[in-house]
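The values are calculated or read from the model by the stated rules, or taken from the named source; none is laboratory data. Everything quoted here is computed from the prediction, not taken from an experiment. Virtual Cβ from ideal backbone geometry, glycine too; neighbours counted across all protein chains shown. Just so you know, the surface numbers come from the protein's heavy atoms only, side chains and all, with ligands and any DNA or RNA stripped out. Shrake-Rupley method; radii C 1.70, N 1.55, O 1.52, S 1.80 Å.
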Amino acid sequence: MARVSQEHLDARRRQILDGAALCFARNGFHATSMQDVLKEVDLSAGAVYRYFSGKDALIAAIVSEVMGEIRGAFEEAARQTPPPTPDALITTVLGRTLAAREFLAVDGQPGFPRLVVQVWTETVRNEELAAVLREGYGAVLAAWTKVVQAYQDSGMMRTDLPADDVARTMIATAQGFIVQQSLFGPVPMEALGNGLRALMSMDAVRPVG
C-alpha cells in the first residue's frame, strides 16, 4: 500500500474541520449530525473517524485552532518594540481571524461569529469543551498580558494598573464585537478601530471651561 504523505493527511484534516465548521455555523451543534458532516465533506465515515472521534472532538479542534492563531498573533506582537497600539492590533488580529473564515457564510452573512457564540453556549453543558476553552483562554490572556506589559515598559500605557486587568478588557472588547456581529449582522472592522482610537484619546482631550 502506498504511503500517504503528511501533506495529504493535513489537507484531509483541514477539509473535515472546514466542513464541520460550516455545518455547525449553519445549523448549530445539536441539529448537526455526523452524517451531515460526512455529506458536507463528501467522505466516508471511516475517513472522517480516522481523524476525529465525533462532534465533540471536531468542536474542540476548531476551538483550539482559533485560540492558537490568536495567541500566536499576540505573542508575535509582544516581541515588537513597541507593539502596535490596541486599536491597530485588535482590529488586525480580529480582522485576520474573520477573513480566514469567510467561507463560513450562512445565508450570505458571516457564519464565524455565530459559530463562536455557539461554542460559548455549548460550554455550559459540555465540561470537556469548557476545559478546552479555559485552557485556550488562559494562553490567550497570557499573550495579551505580555503585550500590555510591553506597552507599559515602553511608556505607552500607565503602569499603576495591573496588566492582567487591561488584557482582560481588551479581550472583552474583541468578544463583544463578535457578539454584535452574531446578533445584529456584519459591522466594518473600521468601526471597532475608530471606537478604540476615540477611547484611547480621552486623556489627550480635555474639556474646555
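Here are the numbers:
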| read-out | value |
| --- | --- |
| Where 30, 8 fall by accessible area, highest first, once all protein chains stay in place (1.4 Å) | 30, 8 |
| ³J(HN,Hα), Karplus 6.51/-1.76/1.60, whole Hz, each residue of the range 35-49, x for Gly, Pro | 5, 4, 5, 4, 5, 5, 8, 6, 10, 6, 4, x, 5, 6, 5 |
| 5 angstrom amide H check on residue 105, placed H, neighbours 5+ away | 111 |
| Folded to 0 to 90 degrees: helix 163-184 orientation relative to the chain principal axis, Cα | 60 |
| Inter-centroid distance (Cα atoms) of the range 109-176 relative to the range 1-33, Å | 26 |
| Local electrostatic count, residue 130, Cβ distance below 12 Å [Lys/Arg +1, Asp/Glu -1] | -3 |
| Surface accessible to a 1.4 Å probe, residue 14 within the full protein complex, Å² | 90 |
| Cα gyration tensor, the range 148-209 - rounded (a/c under 1.5), prolate or oblate | oblate |
| Cα long-axis angle, helix 112-122 against the chain (0 to 90 degrees, to the nearest 10) | 80 |
| Largest-first ellipsoid semi-axes for the range 1-83, taking √(5λ) over the Cα gyration tensor eigenvalues, angstrom | 29, 19, 9 |
| Per-residue HN-Hα couplings for the range 9-24 [Karplus 6.51, -1.76, 1.60; θ = phi - 60°; Hz; x = Gly/Pro] | 4, 5, 5, 5, 4, 4, 4, 5, 4, 5, x, 5, 4, 5, 4, 5 |
| Mean ellipticity per residue at 222 nm, deg cm²/dmol - from DSSP H runs of n ≥ 4 across the chain, formula -39500 (n - 2.57) | -23000 deg cm²/dmol |
| Per-residue SASA entry for residue 92, accessible area with 1.4 Å probe, Å² rounded to 10 | 70 |
| Solvent-accessible area per residue, Å², over the chain with all protein chains present [probe radius 1.4 Å] | 57 |
| Positive-end residue, the chain charge dipole about Cα centroid, Cβ charges, pick of 131, 19, 60 | 19 |
| Folded to 0 to 90 degrees: helix 55-78 orientation relative to the chain principal axis, Cα | 30 |
| Option label - mean projected area of the Cα convex hull in nm² computed here, alternatives (1) 18.1; (2) 10.3; (3) 14.9 | (3) |
| Percent accessible area from carbon and sulfur atoms, the range 8-86, protein chains only, probe 1.4 Å | 49 |
